[in-house]
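Novice: Here you go, one structure.
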Amino acid sequence: MGNRTPLYDAHLAAGGKMVDFSGWDMPIHYGSQLDEHHAVRRNAGVFDVSHMTVVDIQGEQATDYMRRLLANDVANVEAGQALYTAMLNEDGGVIDDLIVYKRDNGYRVVVNCATREKDLAWMEEQTSGFDVVVREHPDLAMLAVQGPEARGRLADLLPSAVAQHASTLKPFTFCEGAGWTVARTGYTGEDGLELILPGEQAPDFWQALLDAGVEPVGLGARDTLRLEAGLNLYGNDMDATITPLEANMGWTVAWTEGRDFIGRAALERRREEDHPVLRGLVLESKGVLRPHQRVITDQGEGETTSGTFSPTLGQAIALARLPAGVTGEVEVEIRNKRLPARVVKPPFVRNGKTVYKYL
Amino acid sequence: MSQIPEELRYATSHEWVRMEDDGNVYVGISDHAQDSLGDLVFVEPPEVGDEISTGDECGVVESVKAASDIYAPMSGEVIAVNENLEDSPELVNQDPYGDGWIYQLKPANKAEFDELLSADDYATTLEDDED
């Protein structure tokens, strides 16, 4: 038996097909991954993401510590804003990608569950020399409510301490109250909120969402939604051997003058070299793109890092690491056949609309 | 509980086979197989004219989750493929034993049909899998 979130019984009650996900028993779907995908693009869906790891950073030198730890710069945002960033090793490789919520007196971060132990050990190790405390909160649940109707359906269900503020949140901002963190962030390319709440309140809140017409959505659709949105998945699209520059994450690196973040020297060297880049692919024939397929280009070979059938586009899409400068037509090798694909700039889908551009 | 029609024969790799009066057979994947795979988005059947042998990988079914090989339950020549699956792979989910058939085979040796699993025996293998 794996770890269970506070919503384990609720998943079974909703018909969830449970699978192991990095040691957690999680729903892959509740009947149809495709229907769940469309529910998020067209209406509203809720994901249980309580397996993710919530960590608070507090202390006199919390900001100095975060500016050293992370490739993006927390000094560039105000309290109440969220920031997407990589956490790098000394070689510039991505230890994890995470969301930082900047508070009046410290930071809350959400890291991936598959990298939990590694992340916590690294974060603890880096506290050396800083007046800072890093503390995990395994008692919290986390839900993502996403889709064009998500915020409307949620409006009357939030605790009064956050309801008013939550209704006025701008993208990538958050508010807190009554032990809840409510953020206008997500991993689907749709509008919506991510909510961190006390675990014991999660089952009632989940039920209230379902009663309000929000569909339960499994981790299967979470993957197809994030890929359509052109968002990376740690372990697929980047890992500790890949720098942000090779993972379409250059925009998350803040080169603030004089800020010595971990991995900076290595990134500065990498920036001067020829290195592969992460691009989107759209398959131009029938078939399904998957991770680790060979991509043949006129400038050398590349490889898909994530791939799937896009339910919104009705064709296969992928992220692929390609030699820099590759554009136009390429070929992907699928079961010893070479099929034509086009190099594109992700995202593929945003707010229900096809948005990719040919490169 | 998945459906396992009595009149069909089954391979342990989850294909079903239906014998027609003319001695040719239809081949598809079982209700259990389609349910395990989830929503199908692509079916690559063998090609008409292919000579296939029992146990050969002769096609692929892909769901949003994963790709899965389909194996030849009998030897013979592929005489037809279900062209509706090209645009509607979901037929395999909706009607695995009917409109979701994948290809038609002219068996090289009809005796192979009797060597396949009966509905009861196939049901037993599914129960064993779950243990």
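Novice: Which of the numbered conditions does A:Glu333 fail, given that it passes all the others? Conditions: (1) of a type outside the set (Lys, Arg); (2) surrounded by fewer than 16 Cβ atoms within 10 Å (Cβ to Cβ); (3) within 26 Å of A:Thr185 (Cβ to Cβ).
Specialist: (3)
Novice: Just checking, which of B:Glu62, B:Glu115 is surrounded by 21 or more Cβ atoms within 10 Å (Cβ to Cβ), of a type in the set (D, E, K, R) and in contact with a Lys or Arg (Cβ under 9 Å, 6 or more places away or on another chain)?
Specialist: Answer to the check: B:Glu62.
Novice: When only residues in segment B:61-71 that are more than 7 Å from chain A (Cβ to nearest Cβ) and not charged (D, E, K, R) count, which is farthest from A:Ala318 (Cα to Cα)?
Specialist: B:Tyr71
Novice: Taking the criterion of being within 23 Å of A:Arg184 (Cβ to Cβ) and either away from chain B (no Cβ under 14 Å) or modelled with pLDDT of 95 or more (or both), would at least one residue in segment A:10-30 satisfy it?
Specialist: No; the residues of segment A:10-30 include none that is within 23 Å of A:Arg184 (Cβ to Cβ) and either away from chain B (no Cβ under 14 Å) or modelled with pLDDT of 95 or more (or both).
Novice: Please count how many residues of segment B:90-107 are surrounded by 14 or more Cβ atoms within 10 Å (Cβ to Cβ) and either out of contact with any Gly (no Cβ under 9 Å at 6 or more places or on another chain) or part of a helix (DSSP H, G or I) (or both).
Specialist: Total meeting the criteria: 6.
Novice: How about segment A:53-69: which of its residues are under 24 Å from A:Ala144 (Cα atoms) and surrounded by 22 or more Cβ atoms within 10 Å (Cβ to Cβ)? Explain how you work it out, then say what you get.
Specialist: Of segment A:53-69, the ones under 24 Å from A:Ala144 (Cα atoms) are A:53-57.
A:Thr53, A:Ile57, listed by residue number.
Novice: Please return the ranges of helices (runs of 4 or more DSSP H) entirely within segment A:143-224 where 1 or more residues are among the aromatic types (Phe, Trp, Tyr) and touching a strand residue (DSSP E or B) at 6+ places or on another chain (Cβ under 9 Å). Walk me through how you get there before you give the answer.
Specialist: Numbers: elements: A:150-154, A:160-166, A:202-211.
In segment A:143-224, the matching helices (runs of 4 or more DSSP H) lie at A:202-211.
Novice: Continuing with this model, one more query. Which ones in segment A:106-137 are assigned to a loop (DSSP other than H, G, I, E, B) and in contact (Cβ under 8 Å) with a residue 40 or more places away in the chain?
Specialist: A:Asn112, A:Cys113, A:Ala114, A:Thr115, A:Gln126, A:Thr127, A:Phe130, A:Asp131, A:Val132, A:His137
Novice: Among the residues of segment A:266-318, which ones are outside any loop (DSSP other than H, G, I, E, B), within 12 Å of chain B (Cβ to nearest Cβ) and not aliphatic (A, V, I, L, M)?
Specialist: The answer is A:Gly307, A:Thr308, A:Phe309, A:Ser310, A:Gln315.
The values are calculated or read from the model by the stated rules, or taken from the named source; none is laboratory data. Remember, it's a predicted structure, so these values are computed and weren't measured experimentally. Glycine also receives a Cβ, built like all others from the backbone with ideal geometry; neighbour counts cover every protein chain displayed.
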